[in-house]
Amino acid sequence: MAKSISNFSTCTTCNCHTNEANYSKPRNGFIFFRQSSRKCLLSSNLDVPRSTRVGVSSMLDENAKISKFCELGDLRNAVELLRMSQKSDLELNTYSSVLQLCAERKRLQEGKTVHSIISSNGIPIAGVLAPKLVFMYVSCGDLREGRRIFDLTLGDNKVFLWNLMMSEYAKFGDYRESIYLFRKMQKLGITGNSYTFSCILKCFATLRSVGECKRIHGHIYKLGFGSYNTVVNSLIAAYFKSGGVDSAHKLFDELGDRDVVSWNSMISGCVMNGFSHTALEFFIQMLILRVGVDLATLVNALVACANVGSLSFGRAVHGHGVKACFGKEVRFNNTLLDMYSKCGNLNDAIQAFEKMGQTTVVSWTSIISAYVREGLYDDAIRLFYEMESKGVSPDVYSMTSVLHACAHSNSLDKGRDVHNYFRKNNVVLSLPVSNALMDMYAKCGSMEEAYLVFSQIPVKDIVSWNIMIGGYSKNSLPNRALKLFSEMLEESRPDGITMACVLPACGSLAALDIGRVIHGCILRNGYSSDLHVVNALIDMYVKCGSLVHARLLFDIIPEKDLISWTVMITGYGMHGFGNEAIATFQKMRIAGIKPDEITFTSILYACSHSGLLNEGWAFFNSMRSECNIEPKLEHYACMVDLLARTGNLSKAYNFIETIPIKPDATVWGALLCGCRIHHDVELAEKVAEHVFELEPDNTGYYVLLTNIYAEAEKWEEVKKLRERICKRGLKKSPGCSWIEVQGKCTTFVSADSTHPQAKSMVSLLNSLRIKMKNEGYSPEMRYALVNADETEKELALCGHSEKLAMAFGILNLPLGRTIRVAKNLRVCGDCHEMAKFMSKSTRREIILRDSNRFHHFKDGFCSCRDFW
């Protein structure tokens, strides 16, 4: 430990002066004045009348009285007596004693009164008084006034005052001001001590300035502090915090006299930088070398065990902690509980919690989080209220944990209950809690309530914006996501997560031009190396119909992950390129990437939409045999869809009856779609009853059966089914299509006559219809779905929303530009024929995305080969 260079000390009771330092040295390294151990009390009775005093030796002057009050902690009487005393009777040390007591009791008002008396008495703020006043103001929380006096005297060259100011600014997070003071101190030639360097290293570490840490490292050794363990340990910790892992290791290796703090710095530093295995190796070395471990050692070792998921090692550390008598330490038990939870052992976590003699909010938060990790969301929510009932006030972490439980359980009502609890108890919502509330509402599908919380946040951070943009994207509100992204650009700089959140909105709208603008933003901001962002970009291009751009991006990824491969396989499947999807799947396997359940869903989907029956069966069987993955309902649904699309309706029905899991509406719905494709009305009626029983309020299935009847011209059944829909109060989702022109999306509904170009579009479609007839094409009247004559049916077909959108594209996009249209429902057969003819007669490539897949129309042909 470095010796202090300060020699300031005063005996405040008998005016004895000494050059010996007489102050306490607390743990944070700053020096606080203490009453001298040399006492000269003349009397224990401060109320002796002057008339009864005998001799000078027994006389108590004002300074001794005030000092005695200070010693007894009687600040009120000390200040009152100071106020009443004559200026000439008071000594500087008396003022100092009262200021010291003000600092210790954190009584700012009394401190200001003493300062006022000093000023009114005309005593200069210098020497003894300057540091005392600075210390008093800083201790009482008035950093601004403390700094003012400090600047007037420049700390009187006392290093402990510079340390005090630097430390206080660091405490409030103003690390740059601490660094400014340190550099000013150097310019003035004031030599720091071990506390100075420990403080400034923490500042540089927090700012992650490894270069400055290295510069200070050289300065430390030049001044001879390289042998001070406290300084070297701070340097090791600073290197770890600023990312200089190798420098920290080298410094530790060169340290001859390592203490427990040195080892702890290495263990915690390795944990902090993601090297938990290395941290445990250091812990083992400590035990081998018989270095005495302390509480911090064991806590860091438990955190490392939690990070690597080593339950057996965690249990060994647990045992070591109990033997070392740390079993009753709250911090040890909290970390122990967290370790068992993260290692997936809920029972031991509960046992550790129940054995804790003293529980804190940290303990409760850890056990709540443990239940959340295990998916026991209702229990986690119950524990939150139990914690509150036991008088433990929730903190930020417990509040965010319970909100995560509500979000993961998709329990909007319980989430609202928690929010109401916050309101009733006047809980001030910090930014992390507000963000967790928004996330809960977004995941539970209530974007209105999420936005209400968002609008009340005074200063939003990047997380706030990302939650809202991502929430709008995931809740099928892409226009709002793009609008909010535009607002964000005016107030905040987006990060990689923002890009990954907004790109799905472009994909939902098939807004390729906007997606390209965002791609440019990604390149300019350097996010193109973020795999998460690149995967989102590939997905956006896939859903916008630009498979070429998606493939180009995919090919340049140096190390593709499972998501990259799955997105590309899904893309090929959506666009009807089943063989390309299979080839990509096989390349993924060669690259050593093991498929998961989602990847198998994608490849089975691709086989289904390309009619690859044998290949689909092979992949389905390989799930169990090669990858040990048990098929789920979505995989069975894909197989039913594959069988149904290829015309194997009876086999599909029999397959459903053999499924070991109870089939849901998606499985039966896949067969119902197959019945429509192959016009099997009888089976459709049989299948529809299963669907209506499982999802009686899903309008889509009623509409599907209605269309099957209409295509078969069974108008009486159509009427009955429509009456059934009305009785249940169900509403059909209107068919709509949209197209992006010059960065703006235009939406059309069937028979839309409100658009300014409606007449031009209808005229174009009529002329194309006439041309089609002249070339031998005839309208597919069964897709009109109305009981009317041929002319009315033809008019109904002409007004389908996708036809209007395609006509709008032809009229408004430059020659040669690809027309990209998206539709919320399945494209009808007549519109499909019209699109083929349009592509041939206008020499345009048309890409149409419906609710099932993509159709690429070129020169009169479609990529789906009329199989959709």
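Coordinate-derived values only; no laboratory data. These figures come from a predicted structure and were not determined experimentally. Counting neighbours? That spans all protein chains shown, and the Cβs are built from the backbone with ideal geometry, glycine included.
With a sphere of radius 11 Å drawn around the Cβ of Val291, what net charge do the other residues whose Cβ falls strictly inside it have (Lys, Arg +1; Asp, Glu -1)?
Once positives and negatives cancel, what remains is 0.
Determine the relative contact order of the range 206-356: mean sequence separation of Cα pairs under 8 Å and six or more apart, normalised by residue count, in whole percent.
15
I'd like the Karplus ³J(HN,Hα) series for the range 675-688: coefficients 6.51, -1.76, 1.60, θ = phi - 60°, whole numbers in Hz, and an x wherever there's a Gly or Pro.
5, 5, 4, 9, 6, 9, 5, 4, 5, 4, 5, 5, 5, 4
Name the long-range amide H neighbours of Val741: under 5 Å, sequence gap of 5 or more, or other chain; modelled H, no Pro or chain starts.
Thr746
Cα convex hull of the chain: mean projected area in nm², to one decimal?
Average of the hull's projected areas for the chain equals 49.6 nm².
Let me test this: with uniform point scatterers at the alpha carbons of the range 258-343, what is the Debye-based log₁₀ I(q)/I(0) at q = 0.14, 0.20, 0.25 1/Å?
Normalising to I(0) and taking log10 leaves -0.39, -0.83, -1.32.
Using the Cα atoms of the range 171-306, I'd like the radius of gyration and the largest Cα-Cα distance, Dmax, both in angstrom.
When restricted to Cα atoms, the range 171-306 yields Rg and Dmax of 15.3, 48 Å.
With contacts defined as alpha carbon pairs under 8 Å and 6 or more residues apart, what's the relative contact order of the chain in percent?
So the answer I get is 4 percent.
Taking the Cβ of each residue in Tyr180, Tyr421 as the centre, tally the other Cβ atoms inside 10 Å and list the residues starting with the fewest.
Fewest-to-most ranking of Tyr180, Tyr421: Tyr180, Tyr421.
List, in the order given, every pair from Lys414/Lys474; Lys414/Lys560; Lys158/Lys214; Lys543/Lys594; Lys222/Lys250; Lys560/Lys836 whose Cα-Cα distance in the structure shown is over 28 Å.
Long pairs (Cα-Cα over 28 Å): Lys414/Lys560; Lys560/Lys836.
Less than 13 Å Cβ to Cβ from Leu108, Lys/Arg counted +1 and Asp/Glu -1: what total charge do the surrounding residues give?
Charge balance near Leu108 sits at +1.
Sorted by packing (mean other beta-carbon atoms within 10 Å per residue), highest first, where do 225-231, 701-707 land?
701-707, 225-231
Which order do the peptides 402-410, 380-388 take when ranked by the mean count of other beta-carbon atoms within 10 Å per residue, highest first?
Order by mean packing, descending: 402-410, 380-388.
For the range 359-458, what is the convex hull (Cα atoms) projected area averaged across all directions, in square nanometres?
Computing the convex hull of the Cα atoms and averaging its projections yields 5.7 nm².
Which order do the peptides 113-120, 812-819, 259-266 take when ranked by the mean count of other beta-carbon atoms within 10 Å per residue, highest first?
In descending order of packing, they fall as 259-266, 113-120, 812-819.
Rg and Dmax of the range 131-235 over Cα atoms: what are they, in angstrom?
Considering the range 131-235 through its Cα atoms, Rg and Dmax are 13.4, 37 Å.
From the alpha carbon gyration tensor of the range 632-733, can you work out the equivalent ellipsoid semi-axes (sqrt of 5 times each eigenvalue) and give them in Å, largest to smallest?
Gyration-tensor ellipsoid for the range 632-733: 23, 16, 10 Å.
Can you work out ³J(HN,Hα) from phi for every residue in the range 125-137, in order, using Karplus 6.51 cos²θ - 1.76 cosθ + 1.60 and θ = phi - 60°, giving whole Hz and x for Gly and Pro?
Karplus values, whole Hz, x for Gly and Pro: 7, 7, x, 5, 6, 4, x, 5, 5, 4, 4, 5, 5.
May I ask you to derive the relative contact order of the range 258-343, considering only C-alpha pairs under 8 Å and at least 6 residues apart, and to give it as an integer percent?
Relative contact order of the range 258-343: 28 percent.
Binning every alpha carbon pair distance of the range 384-531 at 5 Å from zero, what are the percents per bin?
2, 10, 18, 21, 17, 13, 10, 5, 4, 2, 1, 0
When Met272, Met639 are ordered from fewest to most other Cβ atoms inside 10 Å of their Cβ, what list results?
Met272, Met639
Would you pull out the residues with amide H under 5 Å of Ser85's amide H, same chain only if 5 or more places away, H placed 1.01 Å from N?
none
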